[in-house]
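Beneath this line is the structure, given in structure tokens, with notes to follow.
Nothing in this text is a laboratory measurement; each read-out follows from the coordinates by a stated rule. Computed from a prediction, not measured in an experiment: that's the story for all the values here. Cβ atoms come from the backbone with ideal geometry, glycine included; neighbour counts cover every protein chain shown.
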Amino acid sequence: MTIKYSDKVIEHFQHPHNLGKLENADVEATEGSAACGDIVTVYLKVNPENHKITDIKFQSYGCASNIATGSIITDLAKGRTLEQAKKITWKQAADELGGLPPIKMHCSVLAVDTLHSAIKQYEKKYLGKVFDEHLNKKNIEEKLKSIIYPKVGLDIITLRMVKYVKLDENNDVLIEMTIDDEYKYSVFEHITNQLKNSFPEINKIKIVAV
Ligand code: FES
């Protein structure tokens, strides 16, 4: 299958902005994709007075979609406050790039998730924020809000595609959702990846289309 990329994706892939290691970074975060095995690292330098991102870089072992997204989101985040940068979404990155092929969604989501994870690291380390990251049903549902349905670019919770979530005493997770198209397996893969990354204590994940 040939994938058609926009001119802007190709431009950012061939000449990525903010690429490389940031030597004096305050924090760094690395995330991987179970779907393809690729990884991305985002480095942040933040002004402690006003919480603006003064410098940001990324390193990627991903594909063209991933590198182009890393390039655009680091451009978007630079000079912004942490609160503003938190609001950068996959949809915004995709729009800025003139669209991304839905089949490559996990690649671009990976870059955006890594930015959010780096911001979280900073908040934990320097701002003393404490996050409830326990494995429970509420936090699983919260995590599902970051799963994008590529056909429309919104998350599966907003779209009410998730009908049922169960976590049992063996830490097995069952998710029932309404989805029956060519994006099904890519969405399932992304859910599995996100939940396993966030909650390593999960035993098994079963996702069924109802
Ligand atoms: Fe792995 Fe795109 S295929 S990041």
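General observations
- Label-to-label distance, nm, for residues given as K124 and E176 (7 Å Cα→Cβ offset): 3.5 nm
- Each Lys and Arg adds +1 at its Cβ and each Asp and Glu adds -1 at its Cβ; summed about the Cα centre, the chain shows a dipole of about 240 debye.
- Using a Förster distance of 25 Å, the FRET efficiency for D95-K204 (Cβ separation, nearest 0.05): 0.10
- Under 5 Å, built H, 5+ apart or other chain: amide partners of V46: D26, T54
- Descending by average beta-carbon neighbour count within 10 Å, the peptides 110-122, 161-173 line up as 110-122, 161-173, the highest first.
- Using a simple spin-label model with pseudo-atoms 7 Å out from Cα toward Cβ, T54 and Q14 lie 3.5 nm apart.
- Cross-link pairs beyond the 26 Å C-alpha cut-off, checked among K86/K143; K45/K138; K129/K204; K104/K206: K45/K138; K129/K204
- Note on K151/N24: beta-carbon distance plugged into 1/(1 + (r/R0)^6) with R0 of 35 Å gives a FRET efficiency of 0.25.
- Percentage relative contact order, the chain, counting C-alpha pairs under 8 Å, at least six apart: 18 percent
- Taking each residue as 0.36 nm, the span from D75 to H134 lengthens on full extension beyond its C-alpha to C-alpha distance by 18.0 nm.
- Cleavage-rule hits, trypsin sites (Lys or Arg not before Pro), the stretch 1-62, DSSP coil, Cβ neighbours within 10 Å at most 10: K4
- Whether the stretch 1-115 is rounded, prolate or oblate, judged on the alpha carbon gyration tensor where a/c under 1.5 counts as rounded: prolate
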